[in-house]
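The structure appears right after this line, and notes come after that.
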Amino acid sequence: DQQVKQNSPSLSVQEGRISILNCDYTNSMFDYFLWYKKYPAEGPTFLISISSIKDKNEDGRFTVFLNKSAKHLSLHIVPSQPGDSAVYFCAASRPGNTGKLIFGQGTTLQVKP
Amino acid sequence: ETGVTQSPTHLIKTRGQQVTLRCSSQSGHNTVSWYQQALGQGPQFIFQYYREEENGRGNFPPRFSGLQFPNYSSELNVNALELDDSALYLCASSEGLAGYDTQYFGPGTRLTVL
């Protein structure tokens with residue numbers, strides 16, 4: 001049962017343009033959502049998070065939007081840079097299940113110069 | 001820099017064998033979580049340890065077991081290896097148990113079971 005889904009395995013954008021990565025979830029109990037970035041031969045690196053009491057969180061070029069009614073979140077990267085090319089995972093957790101992150105399958109982002 | 005290290009980097013075992021993977025957390029991080037990442041998939045939660053006690057487990061059989069030591073090191077042990085155990089094994093450490101505590105991942109151990 002895939003509770004967190006990233007339906008786009010890959011995304012290619014031009015440098016300087018916006019990258020939008022999407023994530024859907026099925027469990028309405030999730031109250032905290034995160035995005036991780038992973039380069040080859042490295043572990044996932046925390047990027048940005050959002051609590052379910054918010055609908056937007058911004059950190060520099062990265063913004064995460066949460067639509068609870070649609071059980072959907074997205075990560076916007078503006079402007080995209082070649083160094084952003086990596087696999088992006090969204091993850092979710094719920095109260096009482098502290099630290100147990102449920103990950104999506106990942107989306108490979110390629111930013112072309 | 002996360003400061004989480006894992007050893008070995010790569011490992012090849014045969015079916016039925018046993019394996020021990022090691023993780024060294026950041027100093028002061030009392031929580032360590034282990035994840036299995038199969039090819040093309042996201043990490044799957046195996047279990048979590050807090051102050052040397054197991055604190056939650058995912059849908060993995062008992063042949064997956066762990067230990068956490070006072071010096072911020074930990075182990076993942078897998079008995080009776082199966083072909084499907086071939087994956088990248090990641091450990092992640094965090095300060096406490098709050099869901100909002102950032103988890104810092106190590107680079108992983110790539111296990112191949114033949």
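Descriptive notes on the structure:
- With the Kirkwood sum run over all distinct C-alpha pairs, region A:49-108 has a hydrodynamic radius of 12.9 Å.
- Lys/Arg +1, Asp/Glu -1 at C-beta; chain B dipole; positive extreme among B:Leu39, B:Ser27, B:Leu76: B:Leu39
- Beyond 20 Å in Cα-Cα separation lie the following of the pairs A:Lys5/A:Lys112; A:Lys38/A:Lys112; A:Lys38/A:Lys71; A:Lys5/A:Lys71; A:Lys5/A:Lys68; A:Lys37/A:Lys100: A:Lys5/A:Lys112; A:Lys38/A:Lys71.
- Between region B:76-90 and region A:51-74, the alpha-carbon center distance in angstrom: 35 Å
- Drop in accessible area of at least 20 Å² in the complex versus isolated chain, residues of region A:80-113, 1.4 Å probe: A:Phe89, A:Thr98, A:Gly99, A:Lys100, A:Leu101, A:Phe103, A:Gln105
- Of the trypsin sites (Lys or Arg not before Pro) found in region A:54-109, the ones in coil according to DSSP and having at most 13 other Cβ atoms within 10 Å of their Cβ are A:Lys54.
- If you wrap chain B in the convex hull of its Cα atoms and look at it from every side, the mean projected area works out to 6.6 nm².
- Simple point charges give the picture: +1 on the Cβ of Lys and Arg, -1 on the Cβ of Asp and Glu, and for the protein assembly as shown a dipole about the Cα centre of about 380 debye.
- Relative to its Kirkwood radius, the Cα radius of gyration of chain A gives an Rg/Rh of 0.95.
- Pairs of Cα atoms nearer than 8 Å and 6+ residues apart set the relative contact order; for chain B it is 37 percent.
- Cα convex hull of region B:51-114, projected area averaged across orientations, nm²: 5.0 nm²
The values are calculated or read from the model by the stated rules, or taken from the named source; none is laboratory data. As the structure is a prediction and not an experimental result, all values here were calculated from the model. No Cβ is skipped: glycine too gets one built from the backbone with ideal geometry, and neighbour counts run over all protein chains shown. Please note that ligands, DNA and RNA were not included when accessible areas were found on the heavy atoms of the full protein model with its side chains. Shrake-Rupley method; radii C 1.70, N 1.55, O 1.52, S 1.80 Å.
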